[in-house]
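Novice: Below you'll find the structure I mean.
The values are calculated or read from the model by the stated rules, or taken from the named source; none is laboratory data. This structure is a prediction, so every number in the text was calculated from the model and none was measured. No Cβ is skipped: glycine too gets one built from the backbone with ideal geometry, and neighbour counts run over all protein chains shown. Side chains are part of the model used for accessible areas, which takes the heavy atoms of the whole protein and leaves out ligands, DNA and RNA. Shrake-Rupley method; radii C 1.70, N 1.55, O 1.52, S 1.80 Å.
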Amino acid sequence: MTGPELLRCEDVDAGYTKGRPVVRGFGLRLLPGEVVALLGPNGAGKTTLLTTLAGLLPRLGGTVALDGREIRGGRAREAARRGLVLVPDDRSLFTQLTVRDNLTLARRRQGSSMEQVLDFFPALGKRLKVAAGQLSGGEQQMLALGRAMIQDPRVLLVDELSMGLAPVIVEELLPVVRRIAEDTGAAVVLVEQHVRLALGVADRALVLVHGETVLSDSADRLAADPGLLERAYLGERAPDPVP
Ligand SMILES: Nc1ncnc2c1ncn2[C@@H]1O[C@H](COP(=O)(O)OP(=O)(O)OP(=O)(O)O)[C@@H](O)[C@H]1O
Ligand SMILES: [Mg+2]
(Lines give C-alpha, C1' and ligand atoms only; values in the text may rest on other atoms or scores of the structure.)
(Ligands and ions follow the chains in the order given, each with its own letter.)
Protein backbone atom coordinates (compact mmCIF):
# COMPACT_ATOMS: atom_id res chain seq x y z
CA MET A 1 0.00 0.00 0.00
CA THR A 2 1.37 3.42 -0.92
CA GLY A 3 0.58 7.02 0.00
CA PRO A 4 -0.54 8.57 3.24
CA GLU A 5 -2.58 6.20 5.33
CA LEU A 6 -5.87 7.67 6.51
CA LEU A 7 -7.31 5.04 8.85
CA ARG A 8 -5.63 2.17 10.61
CA CYS A 9 -7.50 -0.42 12.68
CA GLU A 10 -5.38 -2.99 14.45
CA ASP A 11 -6.53 -6.06 16.31
CA VAL A 12 -9.93 -4.54 17.04
CA ASP A 13 -12.33 -6.59 19.16
CA ALA A 14 -15.98 -5.52 19.11
CA GLY A 15 -19.05 -6.78 20.90
CA TYR A 16 -21.47 -6.28 23.72
CA THR A 17 -19.91 -8.15 26.65
CA LYS A 18 -16.38 -7.83 27.95
CA GLY A 19 -14.43 -11.00 27.33
CA ARG A 20 -16.94 -12.20 24.71
CA PRO A 21 -16.16 -10.29 21.53
CA VAL A 22 -18.41 -10.76 18.52
CA VAL A 23 -15.70 -9.48 16.15
CA ARG A 24 -12.12 -10.53 16.85
CA GLY A 25 -8.79 -9.16 15.72
CA PHE A 26 -10.12 -6.88 12.99
CA GLY A 27 -7.50 -5.05 10.97
CA LEU A 28 -7.89 -2.48 8.20
CA ARG A 29 -5.81 0.20 6.53
CA LEU A 30 -7.49 2.76 4.36
CA LEU A 31 -6.12 5.33 1.96
CA PRO A 32 -7.98 8.57 1.16
CA GLY A 33 -10.65 8.01 -1.48
CA GLU A 34 -10.63 4.24 -1.09
CA VAL A 35 -13.89 2.30 -1.03
CA VAL A 36 -13.82 -1.01 0.81
CA ALA A 37 -16.82 -3.32 0.83
CA LEU A 38 -17.37 -5.17 4.10
CA LEU A 39 -19.26 -8.32 3.19
CA GLY A 40 -20.44 -11.34 5.13
CA PRO A 41 -23.50 -13.33 6.11
CA ASN A 42 -26.19 -12.19 8.56
CA GLY A 43 -24.94 -12.03 12.11
CA ALA A 44 -21.25 -11.93 11.08
CA GLY A 45 -20.67 -8.77 13.11
CA LYS A 46 -20.62 -6.07 10.42
CA THR A 47 -22.98 -3.67 12.21
CA THR A 48 -21.29 -4.36 15.54
CA LEU A 49 -17.94 -3.45 13.99
CA LEU A 50 -19.11 -0.21 12.32
CA THR A 51 -20.94 0.87 15.48
CA THR A 52 -17.78 0.26 17.47
CA LEU A 53 -15.58 2.16 15.01
CA ALA A 54 -17.98 5.10 15.29
CA GLY A 55 -17.56 5.00 19.07
CA LEU A 56 -21.20 4.17 19.78
CA LEU A 57 -20.19 0.90 21.45
CA PRO A 58 -17.21 0.57 23.78
CA ARG A 59 -14.29 -1.04 21.98
CA LEU A 60 -13.33 -4.35 23.58
CA GLY A 61 -9.75 -4.28 22.31
CA GLY A 62 -7.30 -3.02 19.72
CA THR A 63 -6.44 0.39 18.34
CA VAL A 64 -7.93 2.76 15.79
CA ALA A 65 -5.94 5.68 14.43
CA LEU A 66 -6.88 8.44 12.00
CA ASP A 67 -4.01 10.33 10.34
CA GLY A 68 -1.68 8.47 12.67
CA ARG A 69 -3.41 9.74 15.80
CA GLU A 70 -5.29 7.30 17.98
CA ILE A 71 -9.00 7.59 18.57
CA ARG A 72 -10.24 6.33 21.91
CA GLY A 73 -12.95 3.71 21.92
CA GLY A 74 -16.51 4.38 23.03
CA ARG A 75 -16.39 8.12 22.32
CA ALA A 76 -18.90 8.79 19.57
CA ARG A 77 -18.46 12.56 19.64
CA GLU A 78 -14.71 12.36 19.48
CA ALA A 79 -14.92 9.88 16.61
CA ALA A 80 -17.36 12.11 14.70
CA ARG A 81 -15.29 15.23 15.35
CA ARG A 82 -12.21 13.48 14.00
CA GLY A 83 -14.20 12.48 10.92
CA LEU A 84 -15.36 8.91 11.48
CA VAL A 85 -19.01 9.22 10.51
CA LEU A 86 -21.59 6.42 10.53
CA VAL A 87 -24.63 6.12 8.27
CA PRO A 88 -26.58 3.64 10.43
CA ASP A 89 -28.67 0.87 8.92
CA ASP A 90 -31.88 2.38 10.36
CA ARG A 91 -30.89 5.83 8.96
CA SER A 92 -31.88 7.49 12.27
CA LEU A 93 -33.49 10.54 10.66
CA PHE A 94 -35.67 13.03 12.52
CA THR A 95 -38.81 11.98 10.65
CA GLN A 96 -40.97 14.91 11.88
CA LEU A 97 -38.40 17.50 10.80
CA THR A 98 -37.88 18.77 7.28
CA VAL A 99 -35.03 17.73 5.04
CA ARG A 100 -33.48 21.17 5.55
CA ASP A 101 -33.66 20.89 9.34
CA ASN A 102 -32.19 17.37 9.33
CA LEU A 103 -29.22 18.71 7.37
CA THR A 104 -28.87 21.94 9.35
CA LEU A 105 -28.84 20.11 12.68
CA ALA A 106 -25.98 17.89 11.54
CA ARG A 107 -23.91 20.70 10.02
CA ARG A 108 -20.69 21.81 11.64
CA ARG A 109 -19.93 25.45 12.20
CA GLN A 110 -17.09 25.53 9.68
CA GLY A 111 -18.23 22.51 7.69
CA SER A 112 -19.58 21.93 4.21
CA SER A 113 -22.50 24.03 3.10
CA MET A 114 -25.92 22.63 2.32
CA GLU A 115 -25.30 23.51 -1.34
CA GLN A 116 -22.14 21.41 -1.48
CA VAL A 117 -24.04 18.43 -0.08
CA LEU A 118 -27.05 18.90 -2.35
CA ASP A 119 -24.68 18.87 -5.29
CA PHE A 120 -24.35 15.12 -4.71
CA PHE A 121 -28.11 14.68 -4.25
CA PRO A 122 -29.96 17.17 -6.47
CA ALA A 123 -33.25 15.34 -5.86
CA LEU A 124 -33.11 16.37 -2.20
CA GLY A 125 -32.84 20.03 -3.15
CA LYS A 126 -36.42 19.88 -4.40
CA ARG A 127 -37.62 18.33 -1.14
CA LEU A 128 -36.05 20.69 1.44
CA LYS A 129 -39.38 21.66 3.04
CA VAL A 130 -40.74 18.12 3.20
CA ALA A 131 -40.69 16.15 6.47
CA ALA A 132 -38.11 13.37 6.34
CA GLY A 133 -40.81 10.83 7.21
CA GLN A 134 -42.68 11.73 4.02
CA LEU A 135 -39.75 10.93 1.73
CA SER A 136 -39.47 7.76 -0.33
CA GLY A 137 -37.04 5.13 0.90
CA GLY A 138 -34.46 6.18 -1.67
CA GLU A 139 -34.79 9.85 -0.72
CA GLN A 140 -34.46 8.98 2.97
CA GLN A 141 -31.25 7.17 2.23
CA MET A 142 -29.98 10.18 0.27
CA LEU A 143 -30.81 12.33 3.29
CA ALA A 144 -28.98 9.93 5.61
CA LEU A 145 -25.94 10.14 3.32
CA GLY A 146 -26.32 13.91 2.99
CA ARG A 147 -26.45 14.28 6.73
CA ALA A 148 -23.23 12.31 7.02
CA MET A 149 -21.63 14.37 4.23
CA ILE A 150 -22.41 17.70 5.86
CA GLN A 151 -20.22 16.58 8.77
CA ASP A 152 -17.19 16.52 6.42
CA PRO A 153 -16.31 12.87 6.99
CA ARG A 154 -12.77 11.61 6.51
CA VAL A 155 -14.05 8.04 6.75
CA LEU A 156 -17.66 7.23 5.94
CA LEU A 157 -19.02 4.05 7.52
CA VAL A 158 -22.11 3.05 5.53
CA ASP A 159 -24.24 0.24 6.94
CA GLU A 160 -26.55 -1.39 4.40
CA LEU A 161 -27.49 1.46 2.18
CA SER A 162 -29.84 -0.95 0.46
CA MET A 163 -31.93 -1.88 3.51
CA GLY A 164 -35.54 -1.90 2.32
CA LEU A 165 -34.74 -0.38 -1.06
CA ALA A 166 -35.40 -1.74 -4.52
CA PRO A 167 -32.19 -2.87 -6.28
CA VAL A 168 -32.72 -0.25 -8.99
CA ILE A 169 -32.49 2.51 -6.34
CA VAL A 170 -29.38 0.92 -4.87
CA GLU A 171 -27.88 0.86 -8.34
CA GLU A 172 -28.35 4.64 -8.48
CA LEU A 173 -27.07 5.37 -5.00
CA LEU A 174 -23.88 3.31 -4.90
CA PRO A 175 -22.13 5.27 -7.68
CA VAL A 176 -22.83 8.44 -5.69
CA VAL A 177 -20.96 6.88 -2.78
CA ARG A 178 -18.07 6.22 -5.16
CA ARG A 179 -18.15 9.83 -6.36
CA ILE A 180 -18.19 11.12 -2.78
CA ALA A 181 -14.98 9.18 -2.14
CA GLU A 182 -13.35 10.43 -5.34
CA ASP A 183 -14.41 14.06 -5.01
CA THR A 184 -13.88 14.56 -1.27
CA GLY A 185 -11.05 12.10 -0.61
CA ALA A 186 -13.08 10.45 2.14
CA ALA A 187 -12.52 6.73 2.49
CA VAL A 188 -15.64 4.56 2.63
CA VAL A 189 -16.39 1.30 4.40
CA LEU A 190 -19.48 -0.06 2.70
CA VAL A 191 -21.50 -2.85 4.30
CA GLU A 192 -23.73 -4.26 1.60
CA GLN A 193 -25.84 -7.35 0.99
CA HIS A 194 -25.95 -6.71 -2.76
CA VAL A 195 -22.53 -8.20 -3.28
CA ARG A 196 -22.33 -7.73 -7.02
CA LEU A 197 -23.36 -4.07 -6.81
CA ALA A 198 -20.93 -3.45 -3.95
CA LEU A 199 -18.03 -4.99 -5.87
CA GLY A 200 -18.94 -2.73 -8.78
CA VAL A 201 -18.06 0.41 -6.81
CA ALA A 202 -15.48 -0.87 -4.30
CA ASP A 203 -11.72 -1.08 -4.70
CA ARG A 204 -11.36 -3.96 -2.27
CA ALA A 205 -13.57 -6.20 -0.19
CA LEU A 206 -13.29 -7.96 3.13
CA VAL A 207 -15.45 -10.89 4.14
CA LEU A 208 -16.37 -11.22 7.77
CA VAL A 209 -17.70 -14.60 8.96
CA HIS A 210 -18.43 -15.27 12.63
CA GLY A 211 -16.52 -12.12 13.54
CA GLU A 212 -13.32 -13.02 11.73
CA THR A 213 -11.96 -11.70 8.45
CA VAL A 214 -11.74 -14.80 6.28
CA LEU A 215 -11.01 -13.12 2.95
CA SER A 216 -9.57 -9.85 1.72
CA ASP A 217 -8.98 -9.16 -1.95
CA SER A 218 -9.45 -6.66 -4.74
CA ALA A 219 -13.03 -6.10 -5.89
CA ASP A 220 -12.02 -6.99 -9.43
CA ARG A 221 -10.64 -10.38 -8.47
CA LEU A 222 -13.65 -11.20 -6.32
CA ALA A 223 -16.08 -10.14 -9.04
CA ALA A 224 -14.22 -12.29 -11.59
CA ASP A 225 -14.23 -15.40 -9.38
CA PRO A 226 -17.51 -15.73 -7.47
CA GLY A 227 -16.34 -19.07 -6.12
CA LEU A 228 -13.88 -17.25 -3.85
CA LEU A 229 -16.72 -15.41 -2.11
CA GLU A 230 -18.96 -18.45 -1.98
CA ARG A 231 -16.32 -20.49 -0.24
CA ALA A 232 -15.60 -17.62 2.17
CA TYR A 233 -19.29 -17.31 3.08
CA LEU A 234 -19.34 -21.03 3.77
CA GLY A 235 -16.58 -20.45 6.29
CA GLU A 236 -13.52 -21.55 4.39
CA ARG A 237 -10.56 -19.38 5.16
CA ALA A 238 -8.49 -18.28 2.16
CA PRO A 239 -4.93 -19.53 2.36
CA ASP A 240 -2.42 -16.90 3.44
CA PRO A 241 -0.59 -15.48 0.43
CA VAL A 242 2.84 -16.98 -0.13
CA PRO A 243 5.38 -14.41 1.09
N1 LIG B 1 -27.51 -5.22 21.04
C2 LIG B 1 -26.94 -6.43 21.02
N3 LIG B 1 -26.67 -7.10 22.17
C4 LIG B 1 -26.09 -8.33 22.15
N5 LIG B 1 -25.77 -8.99 21.03
C6 LIG B 1 -26.03 -8.38 19.85
C7 LIG B 1 -26.63 -7.07 19.78
N8 LIG B 1 -26.76 -6.75 18.48
C9 LIG B 1 -26.27 -7.78 17.76
N10 LIG B 1 -25.83 -8.76 18.58
C11 LIG B 1 -25.22 -10.04 18.17
O12 LIG B 1 -23.96 -9.77 17.56
C13 LIG B 1 -23.75 -10.67 16.45
C14 LIG B 1 -23.42 -9.85 15.23
O15 LIG B 1 -24.55 -9.08 14.85
P16 LIG B 1 -24.47 -7.90 13.80
O17 LIG B 1 -25.78 -7.22 13.81
O18 LIG B 1 -23.26 -7.08 14.07
O19 LIG B 1 -24.24 -8.71 12.46
P20 LIG B 1 -24.35 -8.18 10.94
O21 LIG B 1 -23.16 -8.76 10.24
O22 LIG B 1 -24.52 -6.72 10.91
O23 LIG B 1 -25.65 -8.92 10.42
P24 LIG B 1 -26.76 -8.45 9.33
O25 LIG B 1 -26.18 -8.79 7.99
O26 LIG B 1 -27.95 -9.26 9.65
O27 LIG B 1 -26.98 -6.96 9.50
C28 LIG B 1 -25.01 -11.51 16.34
O29 LIG B 1 -24.77 -12.74 16.96
C30 LIG B 1 -26.05 -10.71 17.09
O31 LIG B 1 -26.99 -11.57 17.68
MG1 LIG C 1 -25.96 -5.45 10.16
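Novice: Just to be sure I understand the filter: pairs with C-beta atoms under 6 Å, separated by 6 or more residues or on different chains, first member in segment 33-56 and over 20 Å from Ala79 (Cβ atoms), second member within 12 Å of ligand 2 (Cβ to nearest atom) and open to solvent by 10 Å² or more (accessible area, probe 1.4 Å). Which pairs pass?
Specialist: Between residues of segment 33-56 that are over 20 Å from Ala79 (Cβ atoms) and residues that are within 12 Å of ligand 2 (Cβ to nearest atom) and open to solvent by 10 Å² or more (accessible area, probe 1.4 Å), the close pairs are Gly40/Lys46.
Novice: Select from segment 129-140 the residues that are in a helix (DSSP H, G or I) and either within 16 Å of ligand 2 (Cβ to nearest atom) or more than 29 Å from Leu7 (Cβ to Cβ) (or both) and list them in ascending order. Spell out how you get there, then give the answer.
Specialist: Of segment 129-140, the ones in a helix (DSSP H, G or I) are 132-134, 137-140.
Hits for segment 129-140 are Ala132, Gly133, Gln134, Gly137, Glu139.
Novice: Only helices (runs of 4 or more DSSP H) wholly contained in segment 10-115 count here; list those with 3 or more residues that are out of contact with any strand residue (DSSP E or B) (no Cβ under 8 Å at 6 or more places or on another chain) and at negative phi. Lay out the reasoning, then the answer.
Specialist: On the way: elements: 46-53, 76-82, 99-106.
Output list reads 76-82, 99-106.
Let's see how each residue does on (1) among the hydroxyl-bearing types (Ser, Thr, Tyr); (2) open to solvent by 50 Å² or more (accessible area, probe 1.4 Å); (3) more than 20 Å from Val177 (Cα to Cα):
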{"position": "Leu31", "(1), (2), (3)": "no, no, no"}
{"position": "Leu39", "(1), (2), (3)": "no, no, no"}
{"position": "Leu50", "(1), (2), (3)": "no, no, no"}
{"position": "Gly55", "(1), (2), (3)": "no, no, yes"}
{"position": "Leu60", "(1), (2), (3)": "no, yes, yes"}
{"position": "Asp67", "(1), (2), (3)": "no, yes, yes"}
{"position": "Pro88", "(1), (2), (3)": "no, no, no"}
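Novice: For segment 141-184, what are the residues that are within 16 Å of ligand 2 (Cβ to nearest atom), closer than 19 Å to Gly55 by Cα and of a type in the set (Gly, Ala, Ser)?
Specialist: Ala144
Novice: Search segment 205-219 for residues being of a type outside the set (Val, Ile, Thr), buried (at least 20 other Cβ atoms within 10 Å of the Cβ) and in contact (Cβ under 8 Å) with a residue 24 or more places away in the chain, and hand back the single one that is farthest from Ala44 (Cα to Cα).
Specialist: Restricting attention to segment 205-219, the residues satisfying the condition of being of a type outside the set (Val, Ile, Thr) are 205-206, 208, 210-212, 215-219.
Within this subset, residues satisfying the condition of being buried (at least 20 other Cβ atoms within 10 Å of the Cβ) are 205-206, 208, 211, 215.
With the extra rule that they be in contact (Cβ under 8 Å) with a residue 24 or more places away in the chain, the set shrinks to 205-206, 208, 211.
Values: Ala205: 15, Leu206: 12, Leu208: 6, Gly211: 5 Å.
Among those that are of a type outside the set (Val, Ile, Thr), buried (at least 20 other Cβ atoms within 10 Å of the Cβ) and in contact (Cβ under 8 Å) with a residue 24 or more places away in the chain, it is Ala205.
Novice: Can I ask one more? In segment 193-211, is there at least one residue being under 18 Å from Gly83 (Cα atoms) and assigned to a helix (DSSP H, G or I)?
Specialist: Residues of segment 193-211 under 18 Å from Gly83 (Cα atoms): none.
For segment 193-211, residues under 18 Å from Gly83 (Cα atoms) and assigned to a helix (DSSP H, G or I): absent.
Novice: State whether one or more residues within segment 150-164 are part of a helix (DSSP H, G or I) and either of a type in the set (Ser, Thr, Tyr) or over 17 Å from the mean Cα position of the chain (by Cα) (or both).
Specialist: Taking segment 150-164 as the starting set, the residues that turn out to be part of a helix (DSSP H, G or I) are none.
No, there is no match, as no residue in segment 150-164 is part of a helix (DSSP H, G or I) and either of a type in the set (Ser, Thr, Tyr) or over 17 Å from the mean Cα position of the chain (by Cα) (or both).
Novice: Here's something else I'd like to know. If a residue must be crowded, with 17+ Cβ neighbours inside 10 Å and within 16 Å of Val85 (Cα to Cα), how many such residues does segment 179-192 contain?
Specialist: 9
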